[in-house]
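Written out below as structure tokens is the structure these notes cover.
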Amino acid sequence: MKIAIASDHGGFQLKTYIATYLAEQGYAYEDFGTMSAESVDYPDFALLAATAVASGDCDLGIICCGTGIGVSIVANKVKGIRAANCHDTFSARLSREHNDANVLTLGERVIGRGLALEVVDAFLQGRYASGRHACRVEKIIEIEATFCGERKPAP
Ligand code: RB5
């Protein structure tokens with residue numbers, strides 16, 4: 001399993017902290033930047049990590065910004081990405097179990113570091129339950145195909 005990580009300047013400290021944790025836990029990860037606290041545009045870095053997940057180069061993604069919102073919006077524009085902005089462990093776990101989320105987004109200005117690592121754990125250890133959730137995730141994929149450029153909506 002390889003995890004794509006990325007952030008803008010607003011999430012840089014949290015991304016760095018999470019990267020250290022992932023390494024300690026034995027997870028392979030690829031860091032798509034940014035590499036400093038200098039101001040950058042979050043879409044650039046969210047797109048890199050989300051694309052790595054969508055292409056299959058990475059299995060899951062963790063993307064940080066100030067709130068987790070901007071990077072979540074960007075990641076969810078990438079076909080095949082289901083990004084969840086979670087600041088509690090229950091949501092993080094269910095984003096995997098129910099929504100088959102493949103990207104977690106976090107806000108450095110929202111969450112403390114200790115809880116952030118617990119949220120990361122809940123996300124990484126969560127497993128898609130399929131079952132009754134499968135047709136709903138299929139509908140998300142169908143909506144994406146219909147409204148995100150793959151084909152025109154039915155008349
Ligand atoms: C950067 O100032 C901030 O807008 C960004 O990190 C993020 O919170 C956007 O959603």
*asked:* Of everything in the stretch 86-111, what is within 16 Å of the ligand (Cβ to nearest atom), without any contact (Cβ under 8 Å) to a residue 40 or more places away in the chain and open to solvent by 60 Å² or more (accessible area, probe 1.4 Å)? Give them in sequence order.
replied: none
_Every residue in the stretch 4-55 that is buried (at least 24 other Cβ atoms within 10 Å of the Cβ) and more than 16 Å from the ligand (Cβ to nearest atom), please._
ALA4, VAL53
*If you check GLY80, GLY131, GLY114, GLY149, which single one turns out to be closer than 19 Å to LYS2 by Cα, away from the ligand (no atom under 16 Å from the Cβ) and surrounded by fewer than 20 Cβ atoms within 10 Å (Cβ to Cβ)?*
GLY80
*Which one is farthest from the chain's Cα centre (by Cα), of the residues in the stretch 56-77 that are within 18 Å of LEU22 (Cα to Cα) and more than 10 Å from the ligand (Cβ to nearest atom)?*
ASP57
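The values are calculated or read from the model by the stated rules, or taken from the named source; none is laboratory data. In this text, all values refer to a predicted model and were calculated from it rather than measured experimentally. Methodologically, a virtual Cβ is constructed for each residue, glycine included, from the backbone with ideal geometry; neighbour enumeration extends over all protein chains shown. Accessible surface areas use protein heavy atoms only, side chains included; no ligands, DNA or RNA. Shrake-Rupley method; radii C 1.70, N 1.55, O 1.52, S 1.80 Å.
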